[in-house]
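Working notes for the structure below.
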Amino acid sequence: MDWRYCKYKAIDTYRSLQNKPKTVELLSSISNSKDLPERIVEQKVQKEQLFISQYLNLSKNDQEIFLLKYYLGYSNGEIAEIFGLSKSAVENRLYRGKLKLTEELGGI
């Protein structure tokens, strides 16, 4: 067996393990909390409200660009044509908007 085969097999195994979701011990928290579903729903609603409030802090154009891109599925080129911007300008606005939201929301 060639050494390269072993090397690439090890790399493939490492990468596949990186892509698998990590298992977390939840049994103790579930047994201690009878209102778990309600708390999960409440936390999700709070996160959504926080996201919406931070989203509304973006400029009107950035809000529209986000809606077109992530809600309506427009491509960056299509958005650029609508706003009369270059494709790279749209990409920059999306990047900066995501960065701002991430900073404000703390990675929720």
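The values are calculated or read from the model by the stated rules, or taken from the named source; none is laboratory data. Since the structure is predicted, the reported quantities are computational estimates derived from the model, not experimental observations. With ideal geometry, Cβ positions are generated from the backbone for all residues, glycine too; neighbour counts draw on all protein chains shown. Accessible surface is based on the protein model in full, side chains and every heavy atom, while ligands, DNA and RNA are left aside. Shrake-Rupley method; radii C 1.70, N 1.55, O 1.52, S 1.80 Å.
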Show the residue pairs that are 6+ apart or on different chains and have beta-carbon atoms under 6 Å apart, the first residue being within the range 52-63 and over 9 Å from Leu101 (Cβ atoms), the second being open to solvent by 70 Å² or more (accessible area, probe 1.4 Å) and of a type outside the set (A, V, I, L, M, F, W, C). Asp62/Arg93
Residue check: is Leu101 touching a residue at least 40 places away in the same chain (Cβ under 8 Å), surrounded by 12 or more Cβ atoms within 10 Å (Cβ to Cβ) and either closer than 30 Å to Gln43 by Cβ or out of contact with any Asp or Glu (no Cβ under 7 Å at 6 or more places or on another chain) (or both)? yes
Looking at the range 91-98, can you tell me whether even one residue there is within 15 Å of the chain's Cα centre (by Cα), open to solvent by 60 Å² or more (accessible area, probe 1.4 Å) and under 14 Å from Gln54 (Cβ atoms)? yes
Selected residue (criterion: modelled with the lowest pLDDT) from residues of the range 69-90 that are part of a helix (DSSP H, G or I) and surrounded by fewer than 14 Cβ atoms within 10 Å (Cβ to Cβ): Tyr71
Quick one: Ile52 ticks every box in (1) open to solvent by less than 80 Å² (accessible area, probe 1.4 Å); (2) within 18 Å of the chain's Cα centre (by Cα); (3) not charged (D, E, K, R) bar one, so which box is it? (1)
So is Asp35 in contact with a helix residue (DSSP H, G or I) (Cβ under 6 Å, 6 or more places away or on another chain) and either over 30 Å from Ala89 (Cβ atoms) or modelled with pLDDT of 85 or more (or both) or not? no
